[in-house]
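Notes follow once the structure below has been shown.
The values are calculated or read from the model by the stated rules, or taken from the named source; none is laboratory data. Keep in mind that this is a model prediction, so the values were computed, not measured. Methodologically, a virtual Cβ is constructed for each residue, glycine included, from the backbone with ideal geometry; neighbour enumeration extends over all protein chains shown.
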Amino acid sequence: MYLSTKTIFDMMGPKIKKGTVIVFDDYFNYDSWLEGEHKAWTEFVESNSVKFEYLGYVKNSEQIAVIILGFTQLPCEGLSTDEP
């Protein structure tokens, strides 16, 4: 799951801007979850200085949703700082 999620962020990253909502379907609550979508998301957040907020999660399953609040510094080339 890591590689497919990382690929999505690599390809769609430039379209992510303030107000974007991202829903993960296999984020946590399973063995090796730290090496899947969570890892790809964490890398994206760190490399692009993303500020975000968790919108919700499913306590007894694997899904979460986040909303992009902005960027703490100038984003990497291609990322949008435009308002939604």
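Annotations
- Matching residues, the range 1-22, being in a loop (DSSP other than H, G, I, E, B) and among the acidic types (D, E): none
- Boolean, E62 is over 14 Å from the mean Cα position of the chain (by Cα), at pLDDT 90 or above, in a loop (DSSP other than H, G, I, E, B) and not hydroxyl-bearing (S, T, Y): yes
- Qualifying positions in the range 17-49 - in contact with a strand residue (DSSP E or B) (Cβ under 6 Å, 6 or more places away or on another chain) and hydrophobic (A, V, I, L, M, F, W, C): V21, I22, V23, F24
- Against the list (1) touching a His at 6+ places or on another chain (Cβ under 7 Å); (2) modelled with pLDDT of 95 or more, the condition Y27 fails is (2).
- Subset of the range 23-59 [in contact (Cβ under 8 Å) with a residue 12 or more places away in the chain, charged (D, E, K, R) and either outside any helix (DSSP H, G or I) or touching a Cys at 6+ places or on another chain (Cβ under 9 Å) (or both)]: D25, D26, K51, E53
- Put simply, of E43, E35 the only residue that is surrounded by fewer than 16 Cβ atoms within 10 Å (Cβ to Cβ) and more than 10 Å from the chain's Cα centre (by Cα) is E35.
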